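*Asks:* The structure is given below, and queries will be raised subsequently.
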Amino acid sequence: MTDKIPVTVLTGYLGAGKTTLLNRILTEPHGKRFAVIVNEFGEVGIDNDLVVGADEEVFEMNNGCICCTVRGDLIRIIDGLMKRRGKFDAIIVETTGLADPAPVAQTFFVDEDVAARTKLDAVVTVVDAKWLGERLKDAPEAKNQIAFADVIILNKTDLVTAEELAAVEAKIRAINPYAVLHRTQRSAVALDAVLGKNAFDLDRILDVEPDFLESGHHHHHSDDIASVAVTVPGDIDPEKFMPWINEFTQVEGPNILRCKGILSFKNEPKRFVFQGVHMILDGDLQREWNPGETRQSKMVFIGRDLKRAEIEKAVEACRA
């Protein structure tokens, strides 16, 4: 895993401050070199002088919304980049503000060549504190961008009152209870809060915030995107769980924006970590359970029209 190139997907609705954040990344004296892939859709692109001054390479995908056609472009560009390994330390993909980040995230699991050579480090979503409430009413993409995020930059906090900020944060948490959230003005955030997070892996988030999966039980809202979190004490039987999770994601895949879990399999000294995007599942055994660490299984599903009771019942039936 160590020789894979880390990829950060930078997303967020039109005008939230993505390009401001990207410009900060490119100009701060961190000593790293980035290859940048930009997906334009009627937005003002990166200031070329800034990019040239930062000695970065920028590749543009100009066919609008990131979808299957753009996925082809993304695979082609990454393939070209890999022929020049050693000239950059990481890749940043900035999506158009109208993009659903799912197909971008999927690219790093679906395409074997891309998956073998890159590692999706985190999906970072920039949110406009002032306008998010409106966007959630009229733009499903804004909701998806929040649901997919591992790190959320709640930007333009100086344009709202304390009460408005609390309300916006509650709306974000209702959609995504577990992403790490940073409040910012003009996208000013420490770069180590955004880059090199290994946040697309559940391990790191649980180390920072061990109870975050439980928070899915505490929100009450009628929006169509919600989270279902399940915790099972003790061990899970992999021979029951694996067939179920495979079938569940195939049937419900279009409705599942994200799923993640850390599982305690019976007779297995290591933790099994899985994650998924729609119908695509990825999982492997990671570090051993520590002495004194409670063996339990935690998982979270984020999506539309997910049936909590059915999921809980199915997972319960997989107990060892």
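*Asks:* Given the options T20, T2, T8, name the one that is among the polar types (S, T, N, Q), modelled with pLDDT of 70 or more and not in a helix (DSSP H, G or I).
*Replies:* Of the residues listed, the single one that is among the polar types (S, T, N, Q), modelled with pLDDT of 70 or more and not in a helix (DSSP H, G or I) is T8.
*Asks:* A further question on this structure: When residues of the range 1-33 are filtered for being hydrophobic (A, V, I, L, M, F, W, C) and out of contact with any Ser or Thr (no Cβ under 9 Å at 6 or more places or on another chain), how many remain?
*Replies:* Going through the range 1-33 one residue at a time, the tally reaches 2.
*Asks:* When the range 242-271 is examined, which residues are found to be aliphatic (A, V, I, L, M), in a helix (DSSP H, G or I) and closer than 16 Å to E310 by Cβ?
*Replies:* I245, V251, listed by residue number.
*Asks:* Still on this structure, I have one more. Within the range 161-176, work out how many residues are open to solvent by less than 30 Å² (accessible area, probe 1.4 Å) and free of Cβ contacts under 8 Å to residues at least 60 places away in the same chain.
*Replies:* 4
*Asks:* So which residues in the range 257-308 are touching a helix residue (DSSP H, G or I) at 6+ places or on another chain (Cβ under 7 Å), open to solvent by 60 Å² or more (accessible area, probe 1.4 Å) and not hydrophobic (A, V, I, L, M, F, W, C)?
*Replies:* D282, D305
*Asks:* Among residues belonging to the range 117-134 that are part of a helix (DSSP H, G or I) and without any contact (Cβ under 8 Å) to a residue 40 or more places away in the chain, point out the one that is nearest to A174 (Cα to Cα).
*Replies:* So the residue we want is G133.
*Asks:* Which of the residues spanning the range 74-98 are assigned to a loop (DSSP other than H, G, I, E, B), touching a helix residue (DSSP H, G or I) at 6+ places or on another chain (Cβ under 8 Å) and either more than 28 Å from I146 (Cα to Cα) or open to solvent by less than 10 Å² (accessible area, probe 1.4 Å) (or both)?
*Replies:* Within the range 74-98, F88, T95, G97 qualify.
*Asks:* Can you work out which of the residues in the range 272-310 that are among the small types (G, A, S) and in a strand (DSSP E or B) is nearest to D235 (Cα to Cα)?
*Replies:* Looking at the filtered set, the residue picked out is S297.
*Asks:* Tally up the residues in the range 126-145 that are over 20 Å from F109 (Cα atoms), open to solvent by less than 10 Å² (accessible area, probe 1.4 Å) and either β-branched (V, I, T) or modelled with pLDDT under 90 (or both), please.
*Replies:* Residues that pass the stated criteria total 4.
The values are calculated or read from the model by the stated rules, or taken from the named source; none is laboratory data. Note that the structure is predicted; figures quoted are calculated from it, not measured. Cβ coordinates were reconstructed from backbone atoms using ideal geometry, including for glycine residues, and neighbour counts include every protein chain displayed. All accessible areas refer to the heavy atoms of the entire protein, side chains included, with ligands and DNA or RNA removed. Shrake-Rupley method; radii C 1.70, N 1.55, O 1.52, S 1.80 Å.
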